[in-house]
Structures are given as structure tokens and as C-alpha cells.
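I'd like to ask you about the structure that follows.
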Amino acid sequence: MTVKTYGNFIANKWQDATGGEFIAVRDPSNGLEFARIARGTRDDIDLAVRSARAALSGEWGRLTPTERGRVLTRISAGVLRNIDLLTELEARDVGKPLTQARADVVALARYLEFYGGAADKVHGDTIPYQNGFTVLTVYEPHGVTGHIIPWNYPMQILGRSLGAALAMGNAAVVKPAEEACLTILEFARIAEEGGLPSGALNIVTGFGSEAGVALSEHPDVNHISFTGSVRTGEMVQAAAAKNAVPVTLELGGKSAQIVFADADLDRAVPFLVNAGIQNAGQTCSASSRILVERAVYEEVVARMSERYRALKVGPAGSDLSVGPVVSHRQKAIVEGFLADAAKDGLKVAAQGEIVADAPAEGAYVAPTLLRDVPHQHRTVQEEIFGPVQVIMPFDGEEEAIRLANGTAYGLVCGVWTNDGGRQLRMARAVHAGQVFINNYGAGGGVELPFGGVKKSGHGREKGFEALYGFASMKTISVYHG
Ligand code: NAD
């Protein structure tokens, strides 16, 4: 098998890491090494930041917002022209079933289309002030933006973070995750072909403890967009604080879907399951907790269980409902939670099936629905990041709110009820950055502002709102008498 080698992408040139080292990339469906990425160093990050800084005063910085938008729109079309290549690569790299990988390519193209169209529509204000003055506000790019990206949705998270940053005129340095980042590297080629000027996008691969730390500490970076775990997010924020630069943190979640007895269960049940097993549960906005009003609890457990028993787990290329998790390390983490559940006597309502011909070296985990789990159990409180959901009953709105809000996180919440007043009461009462009523969008909706409260992070990406996050407002006060 050929093992393709990727370098860093700096100033529109491919170059090996200054240390000359590489990191092996393995296919989680079969455990085989199929690519190598550069092990980026502090020096590589420095080169990338210099390249981005130069772009701001070069060709990229001179483009008008309309011209920037056109570049993004062209790159969007290039992404769609490469859809087969990107789909297969994402499936292989992350272990994502092909249909889900394809949806991610479409989402990346859509982000670029959306932000391409938005680039020349960010207006400032004029502010009524004293006689003889005109006061206006304008939005300006931060400058050099750093983007630290996780492995679970490389293309989607690149699209939402980079798309908005470039639309506002920033120049970016991207540090993708060492476990899966090949589509981000292919994207660099597509962006260059689409006419992205040198230095607007720079990509340095490598370990978080090396390239990631170097980017978050770099004194010439003006804003950091971080998506990943809470622990790392806190370190990135602390590093950025030393340079007094703003940080957007998109962290983990333990998002609940709350099902009331009057809900349309035919509509709800597919969402309840899919939002837990999509991308093998490795989704920040996965719905890992299902809370059900007691009157319909047994019915929902039975209907979800039926779906669980029909789930097939196998290689990404077979395009079943669930692929492997990203690595054996991640598999061990998920299995640790399941071992604790067994030790503590938790009841398994149902499990999916790993297909017989799945390679033994693959990182497969059978999707598992745990029922009647005590609220304080770690499977309820901690993010598992695997295909595991817990389901518990509740009595009345007050208890539903208490349970839903009873974790450290606050990313997304789903509410299923046909009572209009209750829909709004619940939407207002839950701690979450996004609330879905009678639907649930794990990651969906390019147009919808997204982000968390509590340990799920702060700042908003996606939607028009993200553009303000990638800009700083300048107030101009003119005295003209
Ligand atoms: P992680 O925090 O280990 O890694 C994320 C990125 O940070 C990687 O690129 C990694 O190399 C880098 N990194 C690691 N240590 C670093 C350091 N000390 N300094 C700077 N960078 C460093 O997270 P992960 O395990 O790869 O991803 C899973 C987590 O991401 C989950 O908690 C999940 O909920 C979260 N996530 C959140 C969202 C969201 O939008 N809220 C989306 C996807 C994933």
C-alpha cells in the first residue's frame, strides 16, 4: 500500500517540518498506516504566523470584501468538484461512514458559500452623539487568527472557523488534529487552485503539545479559535491570556433531548438515536442523554432499543450506520465508561452489532443504550465521545429542567412537546447555546449561531454572528462643527 506524505502548507508552498519528522496516520477501520503528516515545530508555527502577517499587507490584505467573497465562493465550488476524493479521504481518516463523510464535504462547501456571500455585508453603525459630531463604527479584522481544530469533523470545523475568519479579512494559521487532518491538507490545494492569495491560509500539522502550544502562545497571533476538549481549551485560553488576545472556545457537551408524553414519538425517535450514534457518538453536540416523561418512558426505551438492535457497525467504506471510533486510544476511553457501567450494575437496554467481517485491528465499539442511570453516575455527567447514550425517566417540567441543567456542560438541548407554552418555557429555562424544539441538529445548520455556555465554552461560530467574533469594532468620532 502506498503511504502518502504531506508537508506543512505555508505561504502557498508545501514544506517539510523544520525538525524533519513525520507522524504516522492510521486508518481506524483496519489499523493500517496509510499516510504521514509533518510533525510541526515551534519554528514552523513561527514561519506560518510570519506568512499570515505578510499576507495582511500583501495581495490578500488589498482585496475588497467583495473580492474576498468571490475567492471563497470559487473555493466552495472547488470543494464540490473534489467531493469524491474528500469523501473517501475523510471516511478513511476519521472512520466515518461514506454518507456522513459526504455530508461533511457538502457542509464545508456550504460554509464557504455562506461566508463568501456574507463578506461584503458586515455593516457598522452611525451613532447619535453631541452636536457637531458624526460617530460611526466599522468592523476590522483581528489580523492573524489561529485555528486549533479537533479530529471529529475536520472539514466542517475548518469551514465554520476559517470561512468566517477569511470573509472578515483575517489571515489564518490552522493547527489541525494529529489523529485526522488529511482533508484539511487537501483543502489547502483546492484553496490555492481557487485563487487564495499566498499566506491567507497556512497549515501546520503536528502534536497539540508542540505545534498547538506554540500557536496558542505565539505573541503575534491576534485571535484564537479553539475547538476541542475542556482541559485543552482551558490551557489555550490561559496561554492566549498572556498575550491578552481573545479566544473562542467550542468545547464538549453532554446534551440532553427531553421528551414529554405529548410528543410526536414517530418523529422524535429517529432523532433521539441518530443524534447519539452519528459519527460514532464523537460529536460535540451529540445527544448523549435522553430524558423521557414517565408516562411514555417504557415505550421510548422499547422504540429506541429496536433501532439500536438494527444498528450495524463496520468499516467506513462499507457505509453502515456506524463506523469505528477514531483510534484505539478513543476506543479504550469509551470501553472504560462501559466497564464502569457494568461494574456499577447499570442496565443495558440494547446494543448494536459489530459486523462479523469488521477487521480485528479496527477500533470498533458496539453502540450501547444504558437505561435508568443514576443522575450522578459518570456516564451521565462526563462526555464519553463514543456511541453510548443514557436514558432516564422524569416527572414534570421542573424535574426535566433540573436534570437537563445538572451537568457542567451547556451546548445543545432538544425538547419534544406539542404544548406551545411549554416549548418556550423549556427553551428559556435550559442552559444551552442552542435549543431545538421538535427537531435536533447535531452540528447541522451553517446559518445558525453555535456555541456553548458553562464548560461548553464561549463565543459563537457559524451563522452571521461568527463574523463579528472574527472582527474588532472601531469607533470613529469626527468633530466637524
Ligand atoms: P483535544 O483538546 O485533545 O484536541 C483538540 C486540538 O487541540 C487538536 O488539534 C490538538 O492537537 C490540540 N491540542 C492538544 N493539546 C493542546 C495544547 N496543550 N495546546 C494547544 N493545542 C492543543 O480534543 P480532541 O480529543 O481531539 O477532541 C475531542 C473534544 O473536542 C471533545 O471534548 C469534543 O466535545 C470537542 N469538540 C467540540 C466541538 C464544539 O464545537 N463545541 C466540536 C468538536 C469537538
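Taking the Cα centre as origin and putting +1 on Lys and Arg beta-carbons and -1 on Asp and Glu beta-carbons, what dipole magnitude results for segment 255-445, to the nearest 20 debye?
For segment 255-445, the charge dipole is close to 260 debye.
Nearest 10 degrees is fine. How inclined is helix 294-310 to the longest principal axis of the chain, computing both from alpha carbons?
80
I would also like to ask the following. Considering the dipole of the chain built from charges on the beta carbon (Lys and Arg +1, Asp and Glu -1) around the Cα centre, which of 65, 291, 423 is farthest to its positive end?
Working it through, the farthest residue towards the positive pole turns out to be 65.
Given Cα pairs under 8 Å that are at least 6 residues apart, what percent is the relative contact order of the chain?
Working: 1167 pairs, mean separation 89.3, N = 481.
Value for the chain: 19 percent.
If you don't mind, there's one more thing I want to ask. Please report the Cα spread of segment 255-445 along all three principal axes, rounded to whole Å, starting with the longest.
Each principal axis gives a Cα extent; for segment 255-445 these are 51, 32, 29 Å.
If you scale each eigenvalue of the Cα gyration tensor by 5 and take the root, what three semi-axes come out for segment 35-122, rounded to whole angstrom and sorted largest first?
Whole-Å semi-axes of the equivalent ellipsoid: 27, 23, 9.
Sticking with this one: Lys/Arg Cβ at +1, Asp/Glu Cβ at -1, dipole of the chain taken about the Cα centre: which of 241, 473, 112 is farthest positive-ward?
Result: 473.
For the charge dipole of the chain, defined by +1 on Lys and Arg C-beta atoms and -1 on Asp and Glu C-beta atoms about the Cα centroid, which residue among 452, 269, 334 has the Cα displaced farthest towards the positive pole?
Highest projection toward the positive end goes to 452.
On C-alpha positions alone, give me the angle between the axis of helix 265-277 and the longest principal axis of the chain, in degrees, nearest 10.
The angle comes out at about 60 degrees.
Aspartates and glutamates near residue 13 by alpha-carbon distance under 14 Å, same-chain residues fewer than 8 away left out - which ones?
Counting by Cα, and skipping residues close in sequence, residue 13 has these aspartates and glutamates nearby: 44, 186, 192, 193.
Now, a different point. May I ask for the net charge around residue 154, where only other residues with Cβ less than 13 Å from the Cβ of residue 154 are counted and Lys, Arg are +1 while Asp, Glu are -1?
Spelling it out: positives minus negatives among the neighbours equals -2.
Each value in this text was obtained by applying a stated rule to the coordinates, not by laboratory testing. Computed from a predicted model, the values in this text were never measured in an experiment. As a convention, Cβ positions derive from the backbone with ideal geometry for all residues, glycine included, and neighbour counts pool all protein chains shown.
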